[in-house]
Amino acid sequence: MSTAMTSVRTVAVTGSLSAPSRSSRLAELIVDAVQAQVAAEPYLVEIAQVGPLLGHGLARRGLPAPARAALELVESAELLVVATPVYRGSYAGLFKHFFDLVDQDALVDVPVILAASGGSPRHALMLEHALRPLFACFRAQTVPTAIFVSDAELQDPCAASPELQARAVLAARQALRLLERRPPLTPIVHELGRPTAS
């Protein structure tokens, strides 16, 4: 890693509807892989905690302060880790509702590590047909290595397989390379509706 890179604001979002969860253990494993390679400021947003607050308002301005704070935390991420269980072939509705409220431009070029757990390897493609398109809408940079594990592999948080650890390390390296190449942020100018000189 470049010596110029200082502490990286790393935000993990877990999509499970219970806490603690296998998703939080998976996110922790990935964040540990990031921290092993660069100094990081880790933060955690759990849908299990934030989700019940999302129904208090149809728009962001109507949400309670803790929910707005969670959204702002995600929007401030330099590196995002997303870990969710597979619910009926996709992610939970509350997980999607949370990201529906994230500012459309906040995650442009932000590296995102995608991870999911499910009862069977048949669910692994959810990462490609559901999670990756979601973050493409934000114009984020999802890393090539996505991580899928079976629920059984996450029963014991102290017994992550060497293969799982290796995939987490690879994903972390890819994310940090993307972060090093991320261009400086510039204001996005919306051409439509822009005032014209009189």
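The values are calculated or read from the model by the stated rules, or taken from the named source; none is laboratory data. These numbers were taken from a predicted model, which means no experiment stands behind them. Methodologically, a virtual Cβ is constructed for each residue, glycine included, from the backbone with ideal geometry; neighbour enumeration extends over all protein chains shown.
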Out of the residues in the stretch 24-39 that are polar (S, T, N, Q) and part of a helix (DSSP H, G or I), which is farthest from A12 (Cα to Cα)? Q35
Which number in (1) under 15 Å from the mean Cα position of the chain (by Cα); (2) farther than 25 Å from E128 by Cβ marks the one condition that F95 misses? (2)
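Between G51, G62, which is more than 23 Å from L131 (Cα to Cα), of a type outside the set (D, E) and without any contact (Cβ under 8 Å) to a residue 60 or more places away in the chain? Working first, answer last.
Numbers: G51 fails: more than 23 Å from L131 (Cα to Cα).
Answer to the selection: G62.
Mind counting the residues in the stretch 40-56 that are part of a strand (DSSP E or B) and surrounded by fewer than 16 Cβ atoms within 10 Å (Cβ to Cβ)? I'd like the intermediate steps shown before the answer.
Here is the first cut: in the stretch 40-56, the ones part of a strand (DSSP E or B) are 40-46.
Cutting the leftovers down to surrounded by fewer than 16 Cβ atoms within 10 Å (Cβ to Cβ) gives us 41.
Qualifying residue count, the stretch 40-56: 1.
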Residues (under 21 Å from V31 (Cα atoms) and assigned to a helix (DSSP H, G or I)) located in the stretch 99-125: F99
Just checking, does the stretch 120-133 include any residue being farther than 24 Å from L164 by Cα and at pLDDT 95 or above? no
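Please go through the stretch 132-173 and give me each residue that is in a helix (DSSP H, G or I) and either free of Cβ contacts under 8 Å to residues at least 40 places away in the same chain or in contact with a Phe, Trp or Tyr (Cβ under 7 Å, 6 or more places away or on another chain) (or both), ordered by number.
So in the stretch 132-173, the residues in a helix (DSSP H, G or I) come out as 132-137, 151-154, 162-173.
Of everything in the stretch 132-173, those that are in a helix (DSSP H, G or I) and either free of Cβ contacts under 8 Å to residues at least 40 places away in the same chain or in contact with a Phe, Trp or Tyr (Cβ under 7 Å, 6 or more places away or on another chain) (or both) turn out to be R132, P133, L134, A136, C137, A152, E153, P162, E163, A166, R167, L170.
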Residue in the stretch 62-79 that is surrounded by the fewest Cβ atoms within 10 Å (Cβ to Cβ), counting only those that are in a loop (DSSP other than H, G, I, E, B) and in contact with a helix residue (DSSP H, G or I) (Cβ under 9 Å, 6 or more places away or on another chain): P64
So A59, is it modelled with pLDDT under 95, surrounded by fewer than 20 Cβ atoms within 10 Å (Cβ to Cβ) and out of contact with any Gly (no Cβ under 9 Å at 6 or more places or on another chain): yes
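Have a look at A116, A146, A140, A175 and point out the one that is modelled with pLDDT of 80 or more, touching a strand residue (DSSP E or B) at 6+ places or on another chain (Cβ under 8 Å) and within 22 Å of S18 (Cα to Cα). Explain how you work it out, then say what you get.
Values: A146 fails: within 22 Å of S18 (Cα to Cα); A140 fails: within 22 Å of S18 (Cα to Cα); A175 fails: within 22 Å of S18 (Cα to Cα).
Only one candidate passes the filter, namely A116.
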Can you confirm whether the stretch 9-19 contains a residue that is surrounded by fewer than 22 Cβ atoms within 10 Å (Cβ to Cβ) and assigned to a helix (DSSP H, G or I)? no
Looking only at the stretch 84-98, filter to residues that are out of contact with any His (no Cβ under 8 Å at 6 or more places or on another chain) and in a loop (DSSP other than H, G, I, E, B); which one of those is surrounded by the fewest Cβ atoms within 10 Å (Cβ to Cβ)? R88
